[in-house]
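Each remark here refers to the structure printed beneath this line.
The values are calculated or read from the model by the stated rules, or taken from the named source; none is laboratory data. Remember, it's a predicted structure, so these values are computed and weren't measured experimentally. Neighbour counts are summed over all protein chains in view; Cβ atoms, including those assigned to glycine, are modelled from backbone coordinates with ideal geometry.
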Amino acid sequence: MSPAETLELAEFHGDGISSELSAAVHRVAESLPMDVVFHPVDLSLERRSSDAEGSYRDAEAAIRKFGVALKYPTITDLESPNKVLRERFDFSVIHRPVTSIPGVKTRFDGKVDLHIVRIAVGGTYEDAGRRIGTEAAVSVRVIERRPSFQAAKFAFNLAGKLGCGVTSASKYTIQRATDGLFEEVVEEVAEQYPDIPHNAELFDALLAKLVMGPEDFRIVVTPNEYGDFLSDTACGMIGSIGLGASASYSFDDDGRVTLAMFDPAGGTAPDIAGQGLCNPAAALWAFGMLLEHTGYRAIGAALNDAVRDAIGAGHTTGDLGGSLGTMAFTEAVCDAMSARLTGGGKAKL
C-alpha cells in the first residue's frame, strides 16, 4: 500500500484505560513527520448497552471507509466486541509479533522473536456448546479451508520477507479430521513456496520446545484457540501480557488485504483506569503496525524501535518496575523516535 499525503483511520474507543491509550497514540501522532486524522467511534459498554447495533454499524462504516482501524480495549459483557467485529469485518487472520525487550525482567534467559499467525475464526470458539441432561455438555469444533488457506498464505508471505521458515502447529494426530484439514491446507500452500522451510509440530510439544529453545521458532501458524493460548504464553515469556500488539485482517478472493484492525493485547485495567498509570507500549506498537501496513514503513519501524529504546533505557511505567506515568513514558518514546527519524517532510517508503 502506498502512503497518502494524509493518513485517515478509524479509531474504536472502548472502556477503562481506553481514553488514556488514545491520548498516548495521539501525542505520538502529533510528533510524526506526517498528518494523521483519527475518526472516533464509541464502542464503550455504555454505548453498546443502549445502542449495540448502532455502535457496531458506526464501526463498520468507518473501517470500510478508511480500510484500517485502531482499537482499544473493550469490556466483554453481553457479548465479546472482538468476536462481533471479527464476524462483521470477516477477519480471518490474526498476526501477533512477540519479541524480547531489553530492560524487561523475565523469568528465563531465552530470546523470543516470534510471529504468531492465528486463524481468527472457527476452532472451539464458534460454538458455546450446550448441556445434555445434567451430567454432560457438548460443543462443535469447526476448521474451514478458506481461513486456513489465508492464514497459511499470510505466514509464508511473511516468511519470505523475514527470510525464515514456517512452523504449523496443531493436534493433528488426535483431531484427525479438523486439525488434519488445517495441516493439509498448510502443506498445499507450502508447496507453492519451495524455498521456504516448513515443518509441522504437535501443539503441546511446540509449547515445551518454545520454552526450552525459543530461538528455534520464528513464525508459527495455528488454528484459533491454539493461537490464543500461544499468544498469551509468548507474551508471558517476554515479561507481560501487556506487551503484545496484534493485527486482524480480512482478504478478497485474490488474497489481498481488504480491511485491517490493530489493537493492544491487554484488557481494560479498571483498577488503574483514569489514573494515568497504564503502560501504552502495546497501543503504540499497534499504531506502529498500522503505519507500516499503510505504507509508512520507515515511520512505523521507527516507532516500534523507539518504544523498545525507551524501555531499554529504563524509562518504564509501574508494571515494568518504573515510576513513569502514561504520558511521561509517551514523551520518552517521542524523544527516542525523533532520534531515529532523519530529515523532514512526509514519510517515504
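Specify which of the listed residues (Val221, Val186, Val211) is at pLDDT below 95, of a type in the set (A, V, I, L, M, F, W, C), under 23 Å from Val98 (Cβ atoms) and not in a loop (DSSP other than H, G, I, E, B).
After ruling out the rest, the residue left standing is Val211.
Return the pair list, or none, for Cβ contacts closer than 8 Å from residues in segment 227-241 that are under 11 Å from Ala265 (Cα atoms) and charged (D, E, K, R) to residues that are assigned to a helix (DSSP H, G or I) and modelled with pLDDT under 90, at least 6 apart or on different chains.
Final answer for the pair search is Asp232/Ile241.
Do we find that His39 is more than 21 Å from Ser338 (Cβ to Cβ), within 22 Å of the chain's Cα centre (by Cα) and surrounded by fewer than 17 Cβ atoms within 10 Å (Cβ to Cβ) in this structure?
yes
Does segment 90-102 include one or more residues that are out of contact with any His (no Cβ under 6 Å at 6 or more places or on another chain) and more than 24 Å from Thr233 (Cα to Cα)?
yes
Against the definition (within 24 Å of Asp263 (Cα to Cα), in contact with a helix residue (DSSP H, G or I) (Cβ under 9 Å, 6 or more places away or on another chain) and at pLDDT 95 or above), how does Pro197 come out, yes or no?
no
Filter segment 236-282 for residues that are assigned to a helix (DSSP H, G or I) and out of contact with any strand residue (DSSP E or B) (no Cβ under 6 Å at 6 or more places or on another chain) and give the result.
Listed by number, the residues that qualify are Gly236, Met237, Ile241, Gly242, Leu243, Ala281.
Scan segment 44-52 and give yes if some residue there is in contact with a strand residue (DSSP E or B) (Cβ under 7 Å, 6 or more places away or on another chain) and either in contact (Cβ under 8 Å) with a residue 40 or more places away in the chain or outside the structural domain of Asn157 (by TED's automatic domain parsing) (or both), otherwise no.
Checked against the condition, which is being in contact with a strand residue (DSSP E or B) (Cβ under 7 Å, 6 or more places away or on another chain) and either in contact (Cβ under 8 Å) with a residue 40 or more places away in the chain or outside the structural domain of Asn157 (by TED's automatic domain parsing) (or both), segment 44-52 yields at least one hit.
Select from segment 1-23 the residues that are more than 20 Å from Ile75 (Cα to Cα) and of a type in the set (A, V, I, L, M) and write down the one among them that is surrounded by the most Cβ atoms within 10 Å (Cβ to Cβ).
Leu9
What is the number of the single condition among (1) more than 19 Å from Ile116 (Cβ to Cβ); (2) touching a residue at least 40 places away in the same chain (Cβ under 8 Å); (3) of a type outside the set (Val, Ile, Thr) that Gly165 does not meet?
Failing condition for Gly165: (1).
Spot the failing condition for Glu292; the list is (1) free of Cβ contacts under 8 Å to residues at least 24 places away in the same chain; (2) in contact with an Asp or Glu (Cβ under 8 Å, 6 or more places away or on another chain), and only one is missed.
(2)
Out of curiosity, is Ala306 touching a His at 6+ places or on another chain (Cβ under 6 Å), modelled with pLDDT of 95 or more and within 27 Å of Thr74 (Cα to Cα)?
no
Among the residues that make up segment 163-178, is at least one of them in a helix (DSSP H, G or I), at pLDDT 95 or above and in contact with a strand residue (DSSP E or B) (Cβ under 6 Å, 6 or more places away or on another chain)?
no
Quick check on my filter: what residues within segment 251-263 are surrounded by fewer than 19 Cβ atoms within 10 Å (Cβ to Cβ) and not basic (Lys, Arg)?
Once the filter is applied, which keeps residues that are surrounded by fewer than 19 Cβ atoms within 10 Å (Cβ to Cβ) and not basic (Lys, Arg), segment 251-263 yields Asp252, Asp253, Asp254, Gly255, Val257, Thr258.
Anything in segment 76-100 that is touching a residue at least 60 places away in the same chain (Cβ under 8 Å), surrounded by fewer than 22 Cβ atoms within 10 Å (Cβ to Cβ) and farther than 22 Å from Arg64 by Cα? List them, or say none.
Passing the criteria: Pro97, Thr99, Ser100.
Being in contact (Cβ under 8 Å) with a residue 24 or more places away in the chain and at positive phi narrows it down to one residue among Gly110, Gly67; which is it?
Testing whether each residue is in contact (Cβ under 8 Å) with a residue 24 or more places away in the chain and at positive phi leaves just Gly67.
Among Asp254, Asp305, Asp309, which is the only one that is more than 22 Å from Leu32 (Cβ to Cβ) and among the charged types (D, E, K, R)?
Asp254
Gly314 passes all but one of (1) under 14 Å from Ser31 (Cβ atoms); (2) out of contact with any Ser or Thr (no Cβ under 9 Å at 6 or more places or on another chain); which number fails?
(1) is the only condition that Gly314 fails.
One line per residue, one yes/no per condition, for (1) loosely packed, with under 15 Cβ neighbours inside 10 Å; (2) among the small types (Gly, Ala, Ser); (3) in contact with a helix residue (DSSP H, G or I) (Cβ under 6 Å, 6 or more places away or on another chain):
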site: Gly123; (1), (2), (3): no, yes, yes
site: Arg131; (1), (2), (3): yes, no, no
site: Ser139; (1), (2), (3): yes, yes, no
site: Pro147; (1), (2), (3): no, no, no
site: Ala151; (1), (2), (3): no, yes, no
site: Ala159; (1), (2), (3): no, yes, no
site: Cys164; (1), (2), (3): no, no, no
site: Ser168; (1), (2), (3): no, yes, yes
